[in-house]
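Chemist: Sharing a structure here in structure tokens format.
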Amino acid sequence: MSAPEAVEKRQGALAMLADFVRAYPVRTALALTALVVAGLLDGLGLSLLLSMLNLATGVEDEPSLPEQLALDVVAALGLEPTLTTLLGLGVGMIAVKAGIVLLANRQVGYTVAHVATDLRLNLVRAVMESRWRYYLSQPVGKLSNAMATEAHRASEGFYHGAVMATQTISAVIYASLALLISWQASLIALLFGGFLLGLLHFLIRMAGGAGRRQTGLLKSLLSVMTDQLGAVKPLKAMGRENHVDDMLSNQTRQLKKALKNQVFAKAALIALQEPMLAILVGVGFFFFLVQMHMPMATVMIMIFLIARSVNHLAKGQRAWQHMALSESAYWSLSATIAEARAQTEPPRGFRTPTLEHHIRFRDVTFHYESRAVLHALNLTLKAGQLSVVAGPSGSGKTTLIDLVAGLLHPDQGRIEIDGIDLAEIDHRRWRRLIGYVPQDPLLINDSVLRNLTLGDPDLGPADAEQALRMADAWEFVRTLPEGLETALGERGGRLSGGQRQRLAIARALIHRPRLLILDEATSNLDSEAEAAVVATISQLKGKLTMLAVSHDEALVEAADAVIRLRDGRIEHGS
């Protein structure tokens, strides 16, 4: 059974709650202990108030067990059981109970924040540690939805689970007090109340179904939206933006229907619970007073206890309904994490990497599924040189650099680094010797320094300045309003294309790599910016090994060696 299938098999709101308890046992135990203590104090306070009412109304019957326990507490404190004493102690214990519940709820709040954060971090770590082929197969919208929507809804599931536990504990304590006063009368009333609430269980199933449909639709909808929003410019340029609405309209209508069912189920549960509780109170008064001839003070406390018990059960039922809405998001996110973990890239190699002489391909063949991308490729990339890989689209250029980086592995043949098979080299240590410059610089809306260091605590302003100087970017960076601390805007929008690309080069150089890979680094630039970036790359020749994929003739002319690929084979080399 695969990991995602194992996750799916455990699905259910209570199974989700059990997962949370296993993940946060100490926090859960502290919160539950506080709630139990608070419930006992509340029960003791109510027993004191019952004793006060019986004393005030002159009832001389034998005190019930809860009343006797309350009177024993008063005696143990060395106090007289007067009206004032009983009232003061009862109110005081109920107030202390409220404070403990507040502390327990704060603990629950902290745990909810931990749940959302931990789920997001687990997803990020699982995806980032997965095999490159797996990562390429994942829709960006699916992962974005999991990070934002599903993690939030899953953490809400924990919160509502805690609310359900709180309400259930309170209901049990109130029901226990009522049973100790008169177990026959209380049992009948509680069974009647439970029966009324049980009639509404179909609304929980309805909410759960709406939640599952919502989770599936959001995952699909956001995947499509992410892809389409990335192509807005060509769609508008061709006057075809209306087709996006056509593609999404069916899913949005289904999502609207699921949300309508969700809202109806939640509203109906509240609307139907209230009259049922009123019926329970009315029937209880009649039964206790007329049929059982119980004293008014006792009846008032009994009705109060039973009504509170059933009311807490009703709130617990509503919390369960909210859990049913959230649990599908939790299981979907858990399945995504389990799937990514099942694709974790295993540790590869053990030897320390160097790059003093060359990178050599020996009869390297690579397939994507059944299609051969590279055929028995033999080539040598000399250290310290700029080697440019050129060729038409689909010729295998990107696959070649992915193989060099160890992101992909040959189906046949071997890749050698200074004569050592890359399969024997520690891949993580090898990748730390690589700087990578993509076609799209992918700058974040943060400072220049943050964009270069990416939060690495071992890198500082001096490292950034050195990298910027190597990338021929220091002159324009130091003239920015706040220098290294200048915010770049969304996707580096405050900079020109050439400036963004030179920052990307600086980011690749900041950790002092031995190999610089440039993947179509000049393809999206105007002629002036392209010339500036080519000049920057040319200045780096001899300082480190560079491997570039490019159609840019200027970069080809600046190269020490050119590998021309066509259909996965070397067409011409120089």
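The values are calculated or read from the model by the stated rules, or taken from the named source; none is laboratory data. Computed from a prediction, not measured in an experiment: that's the story for all the values here. With ideal geometry, Cβ positions are generated from the backbone for all residues, glycine too; neighbour counts draw on all protein chains shown.
Chemist: Pick from Leu41, Leu77: which is assigned by TED's automatic domain parsing to the domain that holds Phe158, at pLDDT 75 or above, within 52 Å of the chain's Cα centre (by Cα) and crowded, with 21+ Cβ neighbours inside 10 Å?
Modeler: Leu41
Chemist: List pairs: first residue in the range 363-377 and free of Cβ contacts under 8 Å to residues at least 12 places away in the same chain, second residue surrounded by 15 or more Cβ atoms within 10 Å (Cβ to Cβ) and of a type in the set (Phe, Trp, Tyr) anywhere in the structure, Cβ distance under 9 angstrom, at least six positions apart or on different chains.
Modeler: Going by the 9 Å Cβ cut-off, there are no qualifying pairs.
Chemist: Looking at Leu121, Leu87, Leu136, which one is within 30 Å of Ala340 (Cα to Cα), more than 19 Å from the chain's Cα centre (by Cα) and of a type in the set (A, V, I, L, M)?
Modeler: It is Leu136.
Chemist: For residues that are assigned to a helix (DSSP H, G or I) and farther than 26 Å from Leu177 by Cβ, tally how many sit in the range 15-40.
Modeler: 12
Chemist: I'm checking my understanding of the structure. Among residues of the range 495-511 that are within 33 Å of the chain's Cα centre (by Cα), part of a loop (DSSP other than H, G, I, E, B) and not β-branched (Val, Ile, Thr), which one is nearest to Ser387 (Cα to Cα)?
Modeler: Ranking the qualifying residues of the range 495-511, first place goes to His511.
Chemist: Count, please, the residues in the range 387-424 that happen to be of a type in the set (A, V, I, L, M), closer than 19 Å to Ala561 by Cβ, at pLDDT 90 or above and assigned to a strand (DSSP E or B).
Modeler: 2
Chemist: Starting from the range 438-463, keep only residues that are farther than 30 Å from Thr399 by Cβ, then list their pairs with residues that are charged (D, E, K, R) and not in a loop (DSSP other than H, G, I, E, B) whose Cβ atoms are within a distance under 6 Å, requiring at least 6 positions of separation or different chains.
Modeler: Asn445/Glu490; Ser447/Glu485
Chemist: Hey, any hits in the range 332-350 for a residue that's touching a strand residue (DSSP E or B) at 6+ places or on another chain (Cβ under 8 Å), at pLDDT 85 or above, among the polar types (S, T, N, Q) and over 30 Å from Asp19 (Cβ atoms)?
Modeler: No, the conditions are met nowhere in the range 332-350.
Chemist: Given the condition closer than 24 Å to Ala464 by Cβ and either touching a residue at least 60 places away in the same chain (Cβ under 8 Å) or in a loop (DSSP other than H, G, I, E, B) (or both), answer yes or no: does some residue in the range 556-564 qualify?
Modeler: Within the range 556-564, none of the residues are closer than 24 Å to Ala464 by Cβ and either touching a residue at least 60 places away in the same chain (Cβ under 8 Å) or in a loop (DSSP other than H, G, I, E, B) (or both).
Chemist: State whether one or more residues within the range 123-139 are in the same structural domain as Ala335 (by TED's automatic domain parsing), more than 21 Å from Ala335 (Cβ to Cβ) and of a type in the set (Gly, Ala, Ser).
Modeler: no
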